[in-house]
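J.: One structure follows; several queries about it will come next.
The values are calculated or read from the model by the stated rules, or taken from the named source; none is laboratory data. In this text the structure is predicted, and so the values were computed from the model without any measurement. In this analysis, Cβ positions are derived from the backbone assuming ideal geometry, glycine residues included, and neighbour counts consider all displayed protein chains. Note: areas computed on protein heavy atoms with side chains; ligands, DNA, RNA excluded. Shrake-Rupley method; radii C 1.70, N 1.55, O 1.52, S 1.80 Å.
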Amino acid sequence: MAAKKLHLDVITPFEKVFSGEIDAIMAPGHEGYFGVLPGHAPMMMQLSIGEMKLKVDNKDYLYATSGGFAEILPDKITILAEAAESADKIDIERATRARERAEQRLARKSEDIDLDRARMALARALNRLKVASRR
Amino acid sequence: MATLRDIKRRITSVKKTQQITKAMKMVAAAKLRKAQERINQTRPYAESLGDVLARVAANVDSDLNPYLKKPETVESVCLVVITSDRGLCGSFNTNIIRTARQEADRLRAEGKTVKIVAVGRKGYEYFHRRDFDVVAKYINIFRDLNYEHAKEIARLVVRAYLEGEYDQVNLIFTAAVSAIKADLHNMVYLPLSAGHSDEQQHDTDYLFEPEPEVLLRELCPKNLNIQMWRALLDSYAAEESARMVAMESATDNAQEMIDGLTLHYNKVRQAAITTEISEIVGGAEALK
């Protein structure tokens, strides 16, 4: 049987980050990393912050994603994320600054800041840096 | 009577104004193009997210979801009015403010409390000076509009809604249909309407992870963010398009004025020459 492919679209509010045929995908699911091969059962999933790995012709492509949703169909998968960047496009400086900002905010622990938001920002920055370091 | 030099001075001044309006028109056209590009980039995400929401919502009792649940009675309504920060854009702000005002008056006549969230300086200035409760204002965001602004506004409004401060939230904004046509929208923002997946033939049985109720609670805020973002972008595009049209007609009017003044200038000049000649002729006659 010829190798089946999966059509993947990675869409953010600003652009289509990826659109094309892939062999497999690994993504950070709500309850841990999961992999999808062609022919998967239809599924709706929530994604968390993490790295996303696409396999195309035996090559891996890394992406950093900051959560979102995936709609999985047997031949098609659509990922909707508020942010997704390919590993080589991550702005390390910006991520480092974001990390420092978030750390400072958490350290101050003043009443008027939203702790959840600062924590999320920190997690996003750390994730970007981690993915960038593996490229 | 205006002397030749006065008229000439006026022509020069109108010409200078015309140069400015022409430049503003071109700037607005460039900004409009950029804004439309951004709107187009948002579309795939917004539409797919709307689809996903509709499909998940179909599997859930919407009364259990705080975003979708319709309140039993509507007593307090929040109007998010999106105007521009700057003027010189024709009737753009007047129209949006009039619509918002009518809506507010109508709601008040029904005995409901109305709160205003003003996005854009013009709307804020109008409602703030009148007898309205402006609970929040967002000014100068259009200069450097980004997604964070939309999230910020959405978070504020959504939190107040979930805490029960409002029973309904409407977005009142303008959307450019084409470069010259704009529509006013008065959209119910909250409670969120899930819409329904129109592709009923596509009734696949999905697995959900986490369960649909939880998934839906995550989906709703994202959907609200993107709706707010689209409203801001739409309004910005409509503003620039209104400005472009206004500046174009200002440029045309200036041209008309220059033509009229030039004609007048020539007439006055001719009259002056005629007077001079007849004076000379008269003088020569008198010497005979």
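J.: Within the P(r) computed for the protein assembly as shown, what percentage of the Cα pairs occupies the region above 37 Å?
T.: Working: 36573 of 89253 pairs.
Roughly 41 percent, once rounded to a whole number.
J.: Here's another thing I want to ask about it. Measure nothing fancy, just the Cα-based angle from helix A:92-108's long axis to the longest principal axis of chain A, in degrees from 0 to 90, nearest 10.
T.: Long axis of A:92-108 versus the principal axis of chain A: about 50 degrees.
J.: Moving on to the next point. What's the angle, to the nearest 10 degrees (0 to 90), between helix B:92-109's Cα axis and the longest principal axis of chain B?
T.: 50 degrees
J.: Apply 1/(1 + (r/R0)^6) to the Cβ-Cβ distance of residue A:126 and residue B:152, taking R0 = 25 Å, and write down the FRET efficiency to the nearest 0.05. Could the numbers behind the result be given before it?
T.: Details: r = 23 Å, r/R0 = 0.92.
Efficiency at R0 = 25 Å is approximately 0.60.
J.: Could you tell me which of rounded, prolate or oblate describes segment A:3-83, using a ≥ b ≥ c as the square roots of the eigenvalues of the alpha-carbon gyration tensor, with rounded for a/c under 1.5 and, failing that, prolate when a/b is larger than b/c and oblate otherwise?
T.: Working: a/c = 1.41, a/b = 1.25, b/c = 1.12.
Verdict is rounded for segment A:3-83.
J.: Keeping all protein chains in place and using 1.4 angstrom, which order do B:222, A:59 fall into by accessible surface area, from largest down?
T.: Sorted by accessible area, descending: A:59, B:222.
J.: Write down the accessible area per residue of the protein assembly as shown in Å², having rolled a 1.4 Å probe over the full set of protein chains.
T.: 54 Å²
J.: Tally Lys/Arg at +1 and Asp/Glu at -1 over every other residue whose Cβ is under 12 Å from the Cβ of residue B:269; what's the total?
T.: On the way: positive: B:5, B:8, B:267; negative: B:276.
It works out to a net charge of +2.
J.: Which value, in debye to the nearest 20, gives the size of the charge dipole of segment B:134-288 about its Cα centre, when Lys and Arg are +1 and Asp and Glu are -1 at the Cβ?
T.: Numbers: 13 positive and 25 negative charges, 170 e Å.
Taking the Cα centre of segment B:134-288 as origin, the dipole is about 820 debye.
J.: Using 31 Å as the Cα-Cα cut-off, could you pick out the over-long pairs in B:122/B:151; B:69/B:137; B:16/B:151?
T.: Details: B:122/B:151 21 Å; B:69/B:137 27 Å; B:16/B:151 42 Å.
Going by Cα-Cα distance, B:16/B:151 fall outside the 31 Å limit.
J.: Say each of residue B:143 and residue B:129 gets a label point 7 Å from the Cα, pointing the same way as Cα to Cβ; how far apart are those two points in nm?
T.: 2.2 nm
J.: Using a Förster radius of 22 Å, what is the FRET efficiency between residue B:86 and residue B:33 based on their Cβ-Cβ separation? Nearest 0.05, please. Could you put the intermediate results ahead of the total?
T.: Values: r = 18 Å, r/R0 = 0.83.
About 0.75, to the nearest 0.05.
J.: Follow-up question, since we're still on this one. What lysines sit close enough to residue A:76 to cross-link, taking a C-alpha to C-alpha distance under 24 Å and skipping anything fewer than 8 places away on the same chain?
T.: Within the straight-line limit of under 24 Å, residue A:76 reaches these lysines: A:4, A:5, A:16, A:53, A:55, A:59, B:222.
J.: Still on this structure: Roll a 1.4 angstrom probe over the protein heavy atoms and tell me the percent of accessible area of chain B that is carbon or sulfur. Write out the running numbers ahead of the final one.
T.: Details: 7930 of 15560 Å².
Within chain B, the accessible surface is 51 percent carbon and sulfur.
J.: Now for a separate question. Straight-line reach only, C-alpha to C-alpha below 17 angstrom: list the aspartates and glutamates that residue B:115 could link to, leaving out same-chain residues fewer than 8 apart.
T.: List returned: B:75, B:103, B:105, B:125, B:131, B:133, B:163, B:165, B:167.
J.: Another question, if that's okay. Tell me, what is the FRET efficiency for residue B:59 and residue B:19 to the nearest 0.05, using R0 = 60 angstrom and their Cβ-Cβ distance as r?
T.: On the way: r = 61 Å, r/R0 = 1.02.
Given R0 = 60 Å and the Cβ-Cβ separation, E is 0.45.
J.: Take residue B:184 and residue B:74, extend 7 Å from each Cα along the Cα→Cβ direction, and tell me the distance between the two endpoints in nm.
T.: Using points 7 Å along Cα→Cβ, the separation is 1.7 nm.
J.: So what are the radius of gyration and Dmax for the Cα set of chain B, in Å?
T.: When restricted to the Cα atoms of chain B, Rg and Dmax are 28.4, 116 Å.
J.: To continue, here is another question. Give the span of segment B:80-133's Cα atoms along each principal axis, as three whole-Å numbers ordered largest to smallest.
T.: For segment B:80-133, the Cα extents along the three principal axes come out at 36, 17, 16 Å.
J.: So for segment B:1-129, what percent of the C-alpha to C-alpha distances run longer than 19 Å?
T.: Numbers: 6026 of 8256 pairs.
Looking at segment B:1-129, the distances longer than 19 Å represent 73 percent of pairs.
J.: Moving to a separate point now. Of all beta bridges DSSP finds with both residues in the protein assembly as shown, what is the antiparallel percent, to the nearest 5? Don't skip to the answer; put the middle values down first.
T.: Values: 45 of 70 bridges.
Counting DSSP beta bridges with both partners in the protein assembly as shown, the antiparallel share is about 65 percent.
J.: Under 19 Å between alpha carbons, and skipping anything fewer than 8 positions from residue B:31 in its own chain: which lysines qualify?
T.: Of all the lysines, those that pass the test against residue B:31 - Cα under 19 Å, at least 8 places apart if same chain - are B:22, B:181.
J.: Determine by what factor the alpha-carbon radius of gyration of chain A differs from 2.2 N^0.38 Å, reporting the quotient.
T.: Values: Rg = 16.2 Å, N = 135, 2.2 N^0.38 = 14.2 Å.
Rg over 2.2 N^0.38 Å, computed on Cα atoms: 1.14.
J.: While we're here: Kindly give Rg over Rh for segment B:134-185, based on alpha-carbon atoms, with the Kirkwood expression for the hydrodynamic radius. Present the calculation step by step, with values, prior to reporting the outcome.
T.: On the way: Rg = 13.7 Å, Rh = 13.1 Å.
When Rh is taken as the Kirkwood radius, the ratio is 1.04.
J.: Which angle from 0 to 90°, rounded to the nearest 10, does the C-alpha axis of helix B:212-287 make with the longest principal axis of chain B?
T.: Taking Cα atoms only, the helix is inclined about 10 degrees.
J.: Modelled label-to-label distance, residue A:93 and residue A:19, 7 Å Cα→beta-carbon offset: nm?
T.: 3.2 nm
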